[in-house]
1. May I ask you to list the residues in region 52-66 that are surrounded by 15 or more Cβ atoms within 10 Å (Cβ to Cβ) and without any contact (Cβ under 8 Å) to a residue 40 or more places away in the chain?
2. Looking only at residues that are free of Cβ contacts under 8 Å to residues at least 24 places away in the same chain and surrounded by 12 or more Cβ atoms within 10 Å (Cβ to Cβ) in region 92-116, which one is nearest to residue 71 (Cα to Cα)?
3. Which of the following residues is in a helix (DSSP H, G or I), small (Gly, Ala, Ser) and over 16 Å from the mean Cα position of the chain (by Cα): 61, 91?
4. Please go through region 117-140 and give me each residue that is exposed (fewer than 15 other Cβ atoms within 10 Å of the Cβ), among the small types (Gly, Ala, Ser) and either touching a residue at least 60 places away in the same chain (Cβ under 8 Å) or under 23 Å from residue 60 (Cβ atoms) (or both), ordered by number.
5. Select from region 67-78 the residues that are part of a helix (DSSP H, G or I) and exposed (fewer than 13 other Cβ atoms within 10 Å of the Cβ) and write down the one among them that is modelled with the highest pLDDT.
Amino acid sequence: MLGTLNKVGVLGTVASAAVNLDCCAPQVLGPLAGVFFAGGLPDRVPVGWQLPLLYGSLVVALAGFGLGWRRHRRLVPILVFFAGAAALLYALHEALDVSLLTVILWVGFGLLLVATAWDAWLSFRTRACRFALSRSEASE
């Protein structure tokens with residue numbers, strides 16, 4: 001159950017971040033959101049809901065990373081997540097030049113994706129090691 005919740009949280013975070021960031025930097029994430037949501041969902045989400053959805057998705061992601069930490073006891077993916085979330089929130093709450101905004105948004109989104117992939121890899125590796133250990137104990 002917890003593994004399924006972790007996967008749903010990760011997918012929800014990536015999808016929600018693509019929806020939410022489409023309003024603020026369409027030249028950056030418009031094509032990416034178009035790939036994720038070919039049905040035009042980013043245009044249907046009201047602008048007033050987009051920032052709260054981003055905060056909500058970051059909270060769901062933090063819960064997923066917390067569950068991953070309980071599984072593999074590595075703190076680095078959570079720290080990378082915090083760096084990516086801080087970059088996204090800084091870029092969205094400060095008045096920046098468009099080129100700097102674009103760079104910071106891409107860096108933040110990239111850090112979130114790196115943290116997600118790293119956490120998933122560590123969880124898979126931990127699960128595989130536990131499975132191998134349980135099989136070796138059962139054969140003895």
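1. In the first step, residues of region 52-66 are kept if they are surrounded by 15 or more Cβ atoms within 10 Å (Cβ to Cβ); the result is 53-54, 56-58, 60-62, 64-65.
Residues satisfying the conditions are 53, 54, 62.
2. Step by step, filter region 92-116, then rank; the result is 107.
3. 91 is the lone residue from the list that is in a helix (DSSP H, G or I), small (Gly, Ala, Ser) and over 16 Å from the mean Cα position of the chain (by Cα).
4. In the first step, residues of region 117-140 are kept if they are exposed (fewer than 15 other Cβ atoms within 10 Å of the Cβ); the result is 117, 121, 124-125, 127-140.
Adding the requirement that they be among the small types (Gly, Ala, Ser) leaves 117, 128, 132, 134, 136, 138-139.
Result: 117, single match.
5. Quick first cut of region 67-78, residues part of a helix (DSSP H, G or I) only: 67-72, 76-78.
Narrowing further to those that are exposed (fewer than 13 other Cβ atoms within 10 Å of the Cβ): 70, 76.
Working: 70: 85, 76: 93.
The residue in question is 76.
The values are calculated or read from the model by the stated rules, or taken from the named source; none is laboratory data. Since this is a predicted model, take the numbers as computed values, not measurements. Because the Cβ atoms are built from the backbone with ideal geometry, glycine has one as well, and the counts that use them run over all protein chains shown.
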